[in-house]
Protein chains: 2
Amino acid sequence: VKATPRTQESVAISGDGEHWVLLNASPEIRQQIEGFPPLHPKKPRHSPIAALVLTNGDLDHCLGLLSLRESHPLTVFATERVRRGFTEGNVLYRTLERFDDQVTWRALKLGREDELASGLTVEAAPVPGKLPIHLEGALSPDAEDSVGLRIRETRTGTVLAYFSGVGGVSSAVTQALQDAEAVFFDGTFWSEDELPALGLGEKRARDMAHAPVGGPDGSLAALGALRASRRILIHLNNTNPLLREDSPERAQVAARGWEVAYDGMEMSL
Amino acid sequence: VKATPRTQESVAISGDGEHWVLLNASPEIRQQIEGFPPLHPKKPRHSPIAALVLTNGDLDHCLGLLSLRESHPLTVFATERVRRGFTEGNVLYRTLERFDDQVTWRALKLGREDELASGLTVEAAPVPGKLPIHLEGALSPDAEDSVGLRIRETRTGTVLAYFSGVGGVSSAVTQALQDAEAVFFDGTFWSEDELPALGLGEKRARDMAHAPVGGPDGSLAALGALRASRRILIHLNNTNPLLREDSPERAQVAARGWEVAYDGMEMSL
């Protein structure tokens, strides 16, 4: 198979090259930090990671927080829903409450722009989503369970849109991407029935709050008119044919100007 | 610095080369599984991992379980204390309760030998230990919070001793190691005041239930008389001078027949 293995999706951004913000915290966060020298500590108990932003409560987006338990104080941006989903009824979270201010939570509100770090702001945009699997049945769904992010550099106004985990291309989603210079978008599944077709359970893509990329109703078709100079699919499931560099699906997205993220991918905007 | 980076400690054992047992589940378990082809799935939703054994509730020994949530049913051996500490009051654990028998728990009892997998048995031995940090103050300490393991091949009687997280070399510990052909032993800290001496907090090694390796009261001195042909220090903290290949401490343990574990280390007994 012509495909490169990837760790679980995580993105690091910086406005000044010194202070960094992680968009979500994957279970493989240590390996990812080790693989990117700008994120290495400069001295004991130091970290260039100024903040993290969580876009939903999925373990593949949050579990890495627990791996940062020994390093240094953390600032974490998330909606109240995502914060409560991760901190309440979770005895493991006590490992992040060992000293005062070990974690400082900053609340994201839909549609509000907040200072993030090093000349960047963050705005949470509503996306069709769902509760993480481990909270299904324990809470009622809420609009703040899943968000997309608009990161803006205040000096230039450049916008990066990060939409990982999108259950459908709503008009709010399209609007939030409209002026972005770079778009990271949910590429979990190529097709609606990707898992059942491989005998891997019954769940369809939208049951899992992931709009499939391909097909007439897919996100590729729905997002055709973006002006972004960089359009990148992230969070690909290991069943996604886009991972094969020589697949027709890969050729199809490339022809429309979309890239597929890989470990170590870097860009400047 | 002449030292090789290591992932967090995890050991895989097998009696037949086909069915494997993981001793503890580190947060970096995915990277570790990917790095060792015998642990790769042979088909979708398959895994050669027949079982896992948890020796205490520390997150660096248990968090990896949550990374195995999408693969296949798991069989996990642990004391009742360790099982309850990880499963009760932990909403994240619901991700391992998505279908019947996703996790089958098998209770370890101190001093009892149980069938493990592929011609191997496991016996939990008492070790001086402590509750994991996130349960401190929430539960009273108990003898079953931390155990060492004696793994025995039934056909040959060969014993492998795995003692990661040992607060002191008690007579029960010495006795459990006596007939082992290979010993894996807690090498977290070289000295009692390793962290305070580097300005990294106030905690001494024994406060964290790790007997230091060096010094007149260290585990190296206390374990001098072992007959094991392989003696391996594992679970080294990144402050431990044993990680430096050219350190006098490393020379000292080598002179006494001890090795320092590294990623990818393999042996046959």
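Key figures for this structure:
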quantity	calculated
Theoretical FRET efficiency, 1/(1+(r/R0)^6), r = Cβ-Cβ of B:Asp207 and A:Gln102, R0 25 Å, to 0.05	0.85
Solvent-accessible area per residue for region A:50-110 (1.4 angstrom probe, square angstrom)	35 Å²
Solvent-accessible area, 1.4 Å probe, carbon plus sulfur percent, for region A:140-246	47 percent
Cβ-Cβ FRET estimate between B:Leu110 and A:Glu113, R0 fixed at 45 Å, reported to 0.05	0.20
Span per principal axis, largest first, for the Cα atoms of region B:52-179 (Å)	42, 37, 20
Listed residue (B:Gly64, B:Ala211, B:Ser170) projecting farthest to the positive dipole end of chain B, Cβ model	B:Gly64
Inter-copy label distances at A:Ser170 (7 Å, Cα→Cβ; nm, one decimal)	5.7
Net charge dipole size for chain B [Lys, Arg +1 and Asp, Glu -1 on Cβ; Debye, nearest 20]	320 debye
Hydrodynamic radius of region B:66-127 per Kirkwood, over alpha carbon pairs, in Å	12.9 Å
Assigned charges on the beta-carbon of Lys, Arg, Asp, Glu; region A:158-256 dipole about Cα centre (debye)	240 debye
The protein assembly as shown, Rg to Rh (Cα coordinates; Rh as Kirkwood inverse mean 1/r)	0.98
Buried accessible area, chains B and A (both chains, 1.4 Å probe, Å² to nearest 100)	2800 Å²
Teacher prompt: A:Ala225 distances to equivalent labels in other copies, 7 Å Cα→Cβ, nm	8.4
Cβ charges +1 (Lys, Arg) and -1 (Asp, Glu), total dipole of region A:63-199, debye	320 debye
Label point 7 Å beyond Cα along the C-beta direction, distances from B:Asp101 to other copies (nm, shortest first)	5.3
Accessible area per residue, Å², region A:210-269 with all protein chains present, probe 1.4 Å	50 Å²
Cα gyration tensor category, rounded, prolate or oblate, for region A:152-269 with a/c compared to 1.5	prolate
Compactness relative to 2.2 N^0.38 Å, alpha carbon Rg of region A:1-123	1.06
Partner chain coverage, peptide B:84-92 - average Cβ within 10 angstrom	5
For chain B, with +1 on Lys and Arg beta carbons and -1 on Asp and Glu, the positive-most of B:Asn237, B:Gly111, B:Thr156 along the dipole	B:Thr156
Diffusion coefficient, µm² s⁻¹, Stokes-Einstein with Kirkwood Rh over alpha-carbon pairs of chain A at 10 °C and 1.306 mPa s	84 µm²/s
Loop chymotrypsin sites (Phe, Trp or Tyr not before Pro), region B:24-104, which have at most 16 other Cβ atoms in a 10 Å radius of their Cβ (DSSP)	B:Phe99
Trypsin sites (Lys or Arg not before Pro) restricted to DSSP loop in region A:31-92 with at most 16 other C-beta within 10 Å	A:Lys42, A:Arg45
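The values are calculated or read from the model by the stated rules, or taken from the named source; none is laboratory data. Given the structure is predicted, the values throughout are model-derived calculations rather than measurements. Please note: Cβ atoms are built from the backbone with ideal geometry, for glycine as well, and neighbour counts cover all protein chains shown. The accessibility values were calculated without ligands, DNA or RNA, using every heavy atom of the protein model including side chains. Shrake-Rupley method; radii C 1.70, N 1.55, O 1.52, S 1.80 Å.
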